[in-house]
Amino acid sequence: MYIVHKKYSFGKSPDIPSGYSESLCRSLFNLSTTDTRKNDAKKSNGDLIEIKATGTEEGKTTISTKGVFTELIWLYFDFENNLLKTYTIEKEKLEIDSKKDRKSIRLKTIVEKNNIDSVDFTFNLKQIS
């Protein structure tokens, strides 16, 4: 997807389908699915997890202000360097209290402000002919 996106100059990075990113995150962190579609994953202790994935370092995204979860796991796909950087952010660090249903946030700002280290994975992109 990234190679096609770049080849045809569709911008810096493609949107990353949530079905893919959520399944990948659950696999990487040994998380399970939930009984409802309100949450992306849960830990073995029952803590609910929100998952966000971006292809840009800024991590610009929107998030529900009504969501019930303990942590957010951000997957940042650095396609240029074949690197997946993951960050686990406690919900209270997101500062998403708002009267609106959704809020725009920059995950990079939150990670830097709270000195959150990444857990990194490498991958190889296959060329599309």
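Numerical summary
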| read-out | value |
| --- | --- |
| The chain - share of DSSP beta bridges that are antiparallel (%, nearest 5) | 75 |
| Among 84, 98, 114 the positive-end extreme of the charge dipole of the range 74-129 (Cβ point charges) | 98 |
| Degrees separating the helix 18-28 axis from the principal Cα axis of the chain, which is the longest one | 80 |
| Fraction in percent of alpha-carbon pairs per bin - 10 Å, the chain | 12, 42, 34, 11, 1 |
| The chain - accessible surface per residue (Å², probe 1.4 Å) | 65 |
| Spatial separation of Cα centroids for the range 12-35 and the range 71-98, in angstrom | 12 |
| Student exercise, the chain dipole from Lys, Arg, Asp, Glu Cβ charges, in Debye to nearest 20 | 440 |
| Interchain or long-range residues, amide H under 5 Å from residue 50's placed H | 70, 71, 72, 73 |
| For the range 68-80, Karplus couplings with θ = phi - 60° (6.51, -1.76, 1.60), whole Hz, Gly/Pro x | 10, 7, 9, 9, 10, 10, 9, 9, 9, 8, 8, 5, 5 |
| Helix-derived mean residue ellipticity, 222 nm - over the chain, DSSP H n ≥ 4, -39500 (n - 2.57), to 500 | -5000 deg cm²/dmol |
| Hz values of 3J(HN,Hα) by residue in the range 42-54 - Karplus curve (6.51, -1.76, 1.60), Gly and Pro given as x | 9, 7, 4, 7, x, 4, 8, 10, 9, 10, 10, 9, 9 |
| Amide N proximity, the range 80-123 versus residue 60 label position 7 Å along Cα-to-Cβ, cut-off under 18 Å | 102-112 |
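The values are calculated or read from the model by the stated rules, or taken from the named source; none is laboratory data. Predicted model, so just to flag it, every value in this text is computed and none were measured. Positions of Cβ are backbone-derived with ideal geometry, glycine not excepted, and every protein chain shown enters the neighbour counts. In case anyone asks, the SASA skips ligands and DNA or RNA and just uses the protein heavy atoms, side chains included. Shrake-Rupley method; radii C 1.70, N 1.55, O 1.52, S 1.80 Å.
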